[in-house]
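What follows is a short report on a single structure.
The values are calculated or read from the model by the stated rules, or taken from the named source; none is laboratory data. None of these values were measured; they are calculated from a predicted model. Note: ideal-geometry Cβ built from the backbone for every residue, glycine included; neighbour counts use all protein chains shown.
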Amino acid sequence: MARAVSSRARLGWSAVAWVIGLLIFFPILWTILTSFKTESEAIASPPSLVFFDWTLENYEVVQERSNYARFLWNSIVIAGGSTLLGVLIAVPAAWAMAFQPTRRTKDILLWMLSTKMLPAVGVLYPIYLICIRLGVLDSKIALVVILMLINLPIIVWMLYTYFREIPGEILEAARMDGASLRSEILYVLTPMAIPGIASTVLLNFILAWNEAFWTLNLTAVSAAPLTAFIASYSSPEGLFFAKLSAASTMAIAPILILGWFSQKQLVRGLTFGAVK
Amino acid sequence: MATKASASAARLMMAPAVTLLLGWMLVPLVMTLYFSFADYRPLRGAFEPWIGFENYERFVTSSSFWDAVTTTLTMVGGILVITVCFGILLALLLDKPIYGQGVVRILVIAPFFVMPTVSALVWKNMMMDPVNGILSHVWRFFGAAPHDWLVQTPTLSIILIVSWQWLPFATLILLTAIQSLDGEQLEAAEMDGAPPLKRFWFIILPHLSRAITIVILIQTIFLLSIFAEIFVTTQGSFGTRTLTYLVYQRVLESQNVGLGSAGGIIAVILANIVAIFLMRIVGKNLDA
């Protein structure tokens with residue numbers, strides 16, 4: 001829809017959009033900037049936006065004092081592990097539902113979605129108890145499994161909506177040309193499914209990275225990911241604004257970058273295909 | 001064209017996912033249900049497997065339950081109003097031809113990717129802190145006394161923090177919906193001399209109604225269980241205790257598992273009422 005728009009109107013809308021965009025982004029920007037200040041500059045009044053002595057000191061202190069790398073590693077293992085495990089389990093299921101639909105497929109999909117709506121707090125104690133009994137409280141494996149289960153419905157749904165867009169005729173054509181089931185899957189279906197699987201992995205990695213109910217309640221020290229690490233900053237201790245900023249920046253930077261790539265999938269994944 | 005062999009193969013392929021989710025849903029829920037009828041306080045070594053509906057009675061009749069329900073409704077309602085209204089405005093704005101649209105989009109979407117503990121702490125310390133927060137600098141600049149957000153208006157503060165996190169979600173979905181709108185219809189209306197407000201009210205808004213419903217339903221489900229934002233800001237004090245937080249406190253902090261489980265079951269029932277509506281919409285969409 002290319003409508004002629006006067007460049008003046010365009011300039012006006014652009015100005016408004018940029019001001020609002022920057023206002024919304026400001027808390028993040030401010031945190032990033034503060035992370036490069038010294039503690040005394042961080043509480044200077046009035047605060048300075050960019051004219052201060054830039055320093056990397058906070059990042060060093062955060063790493064030294066609290067071993068940031070370990071929390072980062074836990075986040076990577078938990079988010080990555082739960083996503084990969086989830087995709088491994090979900091791909092066959094979504095595949096079957098997309099290509100061999102039965103009368104019950106729709107009901108199964110809706111039922112899966114309904115498990116996502118169970119408020120976590122309703123099952124908090126049983127899960128806590130099971131983890132204690134199995135000796136996996138504060139272990140990465142427990143969180144990998146739990147976050148996988150939480151996101152499994154979304155993973156199945158996303159893959160299902162992607163797989164359904166692969167035209168079935170192509171399969172038949174390949175079969176007519178004498179392709180075996182193995183080469184059909186390997187050479188025809190997989191290349192077409194990979195973009196969908198990739199976006200699913202991306203979005204679910206982000207969701208698992210940011211999950212903050214189970215990670216806060218089921219970890220203490222050894223398995224604590226970044227969500228819990230940041231929460232430990234909730235009680236201020238002396239001069240800490242710059243260090244809090246540095247820790248926050250490190251916790252969100254990787255996901256902000258990944259998030260950039262996943263904008264489109266976000267809508268599709270979180271609305272279960274209802275808005276595309 | 002599903003042959004018998006491939007049909008059973010399909011069942012086999014679905015089995016792991018279905019079994020796992022069934023277990024994940026049923027086992028803990030049955031346990032919670034069981035505990036909710038028991039007097040179970042592990043720290044005191046009390047376990048009395050059947051006390052009838054006593055936990056439910058105590059949970060529902062305590063004033064903290066009704067406070068929590070009010071707080072939950074205020075928060076969810078406030079956040080929904082803010083995110084939907086501003087989401088529509090932002091989506092309309094981002095739909096305009098603007099310079100650097102891609103960058104503006106990223107700026108607007110970014111908060112959604114910030115983990116809840118970070119956004120809560122950043123807002124608490126960098127924005128809303130009565131001494132050092134940016135907002136108090138702004139207040140002082142205009143000669144007003146700084147406002148201690150999380151103490152004086154704790155519920156409003158949490159509403160603002162969570163709205164900031166969810167505004168991108170609403171905006172993105174509404175923007176996607178606006179972009180699917182048929183441009184010719186709008187042009188025709190414009191040529192017929194319909195003013196912008198009328199065009200919005202009679203063409204754009206009806207077109208958005210389904211997307212708005214979906215935003216409301218999905219957000220409600222996530223918002224009913226906001227936890228980290230309260231955990232790191234007020235810890236449920238100053239009247240910011242939602243139903244989720246109340247159950248958490250009963251179960252893990254005061255270790256009254258029976259009472260907390262009854263609350264958990266009530267939370268599950270309330271969430272399911274919302275869920276039924278969402279499922280209907282999504283289900284309809286599957287047939288299309």
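How many residues does the stretch B:85-119 contain that are of a type in the set (Gly, Ala, Ser) and either surrounded by fewer than 23 Cβ atoms within 10 Å (Cβ to Cβ) or farther than 24 Å from B:HIS207 by Cα (or both)?
The qualifying residues number 4.
Sort out which residues of the stretch A:215-227 are surrounded by 23 or more Cβ atoms within 10 Å (Cβ to Cβ) and in a helix (DSSP H, G or I), and write them in order of number.
A:THR215, A:LEU226, A:THR227
Scanning for something surrounded by 15 or more Cβ atoms within 10 Å (Cβ to Cβ), under 21 Å from B:VAL282 (Cα atoms) and in contact with a Lys or Arg (Cβ under 6 Å, 6 or more places away or on another chain), does the stretch A:152-162 turn up at least one residue?
yes
Can you find a residue that is at the interface with chain A (Cβ under 7 Å from one of its Cβ atoms) and either assigned to a helix (DSSP H, G or I) or over 30 Å from A:TYR160 (Cα atoms) (or both) anywhere in the stretch B:35-45?
yes
If we scan the stretch B:100-109, do we find a residue that is among the aliphatic types (A, V, I, L, M), over 25 Å from the mean Cα position of the chain (by Cα) and at the interface with chain A (Cβ under 8 Å from one of its Cβ atoms)?
yes
Quick check on the stretch B:214-230. Is at least one of its residues touching a residue at least 60 places away in the same chain (Cβ under 8 Å), out of contact with any strand residue (DSSP E or B) (no Cβ under 9 Å at 6 or more places or on another chain), surrounded by 15 or more Cβ atoms within 10 Å (Cβ to Cβ) and of a type in the set (D, E, K, R)?
Within the stretch B:214-230, one or more residues are touching a residue at least 60 places away in the same chain (Cβ under 8 Å), out of contact with any strand residue (DSSP E or B) (no Cβ under 9 Å at 6 or more places or on another chain), surrounded by 15 or more Cβ atoms within 10 Å (Cβ to Cβ) and of a type in the set (D, E, K, R).
Of B:ILE51, B:ILE106, B:ILE79, B:ILE98, which residue is touching a strand residue (DSSP E or B) at 6+ places or on another chain (Cβ under 8 Å) and of a type in the set (Val, Ile, Thr)?
The unique qualifying residue is B:ILE51.
Looking at A:LEU84, A:LEU22 in this structure, which one is at pLDDT 90 or above and closer than 27 Å to A:THR215 by Cβ?
Just one listed residue meets the conditions, A:LEU84.
Here are some conditions: (1) within 11 Å of chain B (Cβ to nearest Cβ); (2) surrounded by 11 or more Cβ atoms within 10 Å (Cβ to Cβ). A:VAL62 meets all but one. Which one does it not meet?
(1)
Looking at B:THR176, B:THR233, B:THR153, B:THR244 in this structure, which one is on the phi < 0 side of the Ramachandran plot, facing chain A (nearest Cβ under 9 Å) and free of Cβ contacts under 8 Å to residues at least 40 places away in the same chain?
B:THR176
Got at least one residue in the stretch A:228-237 being at pLDDT 85 or above, within 21 Å of A:ALA120 (Cβ to Cβ), among the polar types (S, T, N, Q) and out of contact with any strand residue (DSSP E or B) (no Cβ under 7 Å at 6 or more places or on another chain)?
no
Yes or no: B:PHE112 aromatic (Phe, Trp, Tyr) and either at the interface with chain A (Cβ under 8 Å from one of its Cβ atoms) or without any contact (Cβ under 8 Å) to a residue 40 or more places away in the chain (or both)?
When the stated conditions are applied, B:PHE112 passes them.
Name the residue, out of A:ALA193, A:ALA224, A:ALA220, A:ALA242, that is more than 10 Å from chain B (Cβ to nearest Cβ) and out of contact with any helix residue (DSSP H, G or I) (no Cβ under 7 Å at 6 or more places or on another chain).
A:ALA220
I need a count of the residues in the stretch A:156-198 that are of a type outside the set (A, V, I, L, M) and in contact with a Gly (Cβ under 6 Å, 6 or more places away or on another chain).
Total meeting the criteria: 2.
Quick one: would you say A:PRO101 is outside any helix (DSSP H, G or I), more than 19 Å from the chain's Cα centre (by Cα) and facing another protein chain (nearest Cβ under 10 Å)?
Yes: the conditions hold for A:PRO101.
Only one residue in B:ILE281, B:ILE273 is more than 9 Å from chain A (Cβ to nearest Cβ), modelled with pLDDT under 90 and under 23 Å from A:LEU109 (Cα atoms). Which one?
On inspection, the qualifying residue turns out to be B:ILE273.
Can you go through B:VAL18, B:VAL76 and tell me which one is more than 9 Å from chain A (Cβ to nearest Cβ), surrounded by 14 or more Cβ atoms within 10 Å (Cβ to Cβ), out of contact with any His (no Cβ under 7 Å at 6 or more places or on another chain) and modelled with pLDDT of 90 or more?
On inspection, the qualifying residue turns out to be B:VAL76.
Residues B:SER209, B:SER237, B:SER225, B:SER180: which one is hydroxyl-bearing (Ser, Thr, Tyr), under 22 Å from A:SER234 (Cβ atoms) and over 17 Å from the mean Cα position of the chain (by Cα)?
None of the others qualify; the one that does is B:SER237.
Would you confirm whether any residue within the stretch B:253-264 is facing chain A (nearest Cβ under 8 Å) and surrounded by fewer than 24 Cβ atoms within 10 Å (Cβ to Cβ)?
no
Of the residues A:ARG70, A:ARG65, A:ARG10, which single one is basic (Lys, Arg) and touching a Pro at 6+ places or on another chain (Cβ under 6 Å)?
A:ARG10
Which one of the conditions (1) free of Cβ contacts under 8 Å to residues at least 60 places away in the same chain; (2) among the small types (Gly, Ala, Ser); (3) loosely packed, with under 14 Cβ neighbours inside 10 Å does A:SER14 fail to meet, given that it meets all the rest?
(3) is the only condition that A:SER14 fails.
What's the total number of residues in the stretch A:246-267 that are more than 7 Å from chain B (Cβ to nearest Cβ) and under 20 Å from A:SER75 (Cα atoms)?
10
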